[in-house]
1. I need two numbers for segment 42-128: Rg to one decimal and Dmax as a whole number, Cα atoms only, in Å.
2. Given the options 89, 221, 167, which has the most mean-square fluctuation in a GNM of the chain, springs set between C-alpha atoms less than 10 angstrom apart?
3. How much length is gained on full extension from residue 104 to residue 129, taking 0.36 nm per residue of separation minus their Cα-Cα distance?
4. Tell me, what is the percent relative contact order of segment 84-123, built from C-alpha pairs under 8 Å that lie six or more residues apart?
5. State the extension gain, in nm to one decimal, for the chain segment bounded by residue 78 and residue 157, taking 0.36 nm per residue of separation less the distance between their alpha-carbons.
6. Dividing the alpha-carbon radius of gyration of segment 88-130 by 2.2 N^0.38 Å (N being the number of residues), what value is obtained?
7. Per q in 0.17, 0.29, 0.30, 0.33 Å⁻¹, report the Debye log10 I(q)/I(0) for segment 44-84, using one uniform scatterer on each alpha carbon and no solvent.
8. Using only the alpha-carbon atoms of segment 65-188, report the extent along each of the three principal axes, biggest first, to the nearest angstrom.
């Protein structure tokens, strides 16, 4: 009974989260959003792997393939997306364990994370064995990412922001025209990323959020690595760790 309930719950979540979500660009009257996003929760940690593609061309990228490659590819086929690259926010196992397999099957480049996460890349297979899910082994990024870099999805350009704290090499992707960000495990609705793992640093994480992400504007919607979306404005107002009030109390 528990297994069946779990499968039914997973099916409901897939129907809700894998349906493409639309973000419009600066002109909110535009009839077609420049980017579409399908969220595919993967691994026992229900990590928000995402398939992001340009509406006009169907050219896309997979962000943080933590596992379940067949589900990721099935979503791309269903939506008519041509995957051209793999983007990695950080190299924790639930975000990156299936990166090598996905690259092998598609033959596309891997971009990210920042080279500060090499330590975690080297540990991927060991970490996957520890948590009981598959991993072909470490991957080699075709391109490390850092502040000032950009990545492309079709003809759309996303800013790269290096946001250390949860891991030393964590990066965030922001599409400014859509006011949309993929933030990995830097910030969540009502919470922030853990900093008790090797390489974690709490002051660095707070600085990354307050000084590197929040300046992009309160109206930016973000997809975190786990859980629902939120906005920078909502978290700046009410997040108990990084809100304006929380910072004043320190």
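Since every read-out is calculated from the coordinates, none of them should be taken as a lab result. Note that the structure is a prediction, hence the values are computed from the model and not measured. Every residue, glycine as well, gets a Cβ built from its backbone with ideal geometry; the counts of neighbours run over all protein chains shown.
1. 12.5, 41
2. Answer for the Gaussian network model of the chain: 221.
3. Stretched fully, the residue 104-residue 129 segment lengthens by 7.0 nm.
4. After rounding, I find 54 percent.
5. Roughly 26.0 nm would be gained on extension.
6. 1.10
7. -0.41, -1.02, -1.07, -1.21
8. Cα extents, longest axis first: 40, 36, 27 Å.
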